[in-house]
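See structure below.
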Amino acid sequence: MIDTTACIPGRHILFVTLDSLRYDVAHQTTATGRTPCLSAILPSGQWERRHTPGTFTYPAHQAFFAGFLPKPALPTPPSRLWECRPPVGKAIRPTTYVFDAPDIITGLADLGYRTVCIGGVSYFSRETPLGSTLPDYFTEDHWEPAFASAEPDSTRHQVDRALSLLNDVQNRQPVMLFLNVSATHIPHHHYVTDSDGIDSTDSQAAALAYADGQLGRLLDALPAFGAWLVVATADHGDTFGDDGFTGHGIAHPAVFTVPYAETLVG
């Protein structure tokens, strides 16, 4: 378990959510060697199985930004990476960083971090008032149609933006870079040539394999900017006919079981 009190405020933070990515898809795709870039940062070479606090993008990210990351699928979970200051009387483990703020993004900004959001799905697009709620947490946010899931090369466009922003970092100001990867969110059937326009676990695996190559460019670049704490997780999973269900926002194991990883880079 990472001692976050030794990382903040000294390290930059990269927080990646792979939107809608199922745990079983992530595990199998990694086990078959299709995600070499992400595999390189997984502490055990494989994703950790966790349970998400939300079954679709909006509530999951609201919880994440309040400090509630997916919990390990264990009877006794380890200490949390971070949390907002709780009421008097709650025990906090010594490796957990506590923010005296209503959310971790504000807390990091109060510590001098440049907080940057690179959105993917529509909840980060500012196309509607609701779509502005999550970007509003950050001091700086970026979204354009090329970042959305309907664009087959969305992750490349998102990583290009991330790298350009990192190159503008001045005076080694600490950065909290959040990236919502939309490629693993439907529609992803375009990553499989014989999909017949149908999204499936196979096409989500192909989407993850595509995103891996693009995220590798970002991960390779991180050490040039200093030391990083990296958190990568899905916000929720998805169903593709499982037990008759299609989609997410439901209490199905394929939706609330997600891949998770945390590591130090540089």
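The values are calculated or read from the model by the stated rules, or taken from the named source; none is laboratory data. Every value quoted in this text rests on a predicted model; they were computed, and no experiment measured them. FYI the Cβ positions are ideal-geometry reconstructions off the backbone, even for glycines, and counts take in every protein chain you see. We work out accessible area using only protein heavy atoms, side chains counted, and drop any ligands, DNA or RNA first. Shrake-Rupley method; radii C 1.70, N 1.55, O 1.52, S 1.80 Å.
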Sequence-distant or interchain residues sharing an amide H contact under 5 Å with Met176, placed H: which?
-> Ile13, Arg114, Thr115, Val116
Per residue, how many Å² of accessible area does the range 1-109 show with a 1.4 Å probe?
-> 44
Contact order relative to length for the chain, counting C-alpha pairs under 8 Å separated by 6 or more residues, stands in percent at 33
Roughly how many percent of the accessible protein surface of the range 1-146 is carbon and sulfur, given a 1.4 Å probe and a whole-percent answer?
-> 56
How about the range 1-107: which trypsin sites (Lys or Arg not before Pro) there lie in a loop by DSSP and see at most 12 other Cβ atoms within 10 Å?
-> Lys90
Any idea what log10 I(q)/I(0) is at q = 0.08, 0.09, 0.12 Å⁻¹ for the chain, Debye with uniform C-alpha scatterers and no solvent?
-> -0.29, -0.37, -0.68
Rounded accessible area of Cys37 (nearest 10 Å², 1.4 Å probe) = 40
Listed residue (Ser125, Trp82, Pro145) projecting farthest to the positive dipole end of the range 24-179, Cβ model = Trp82
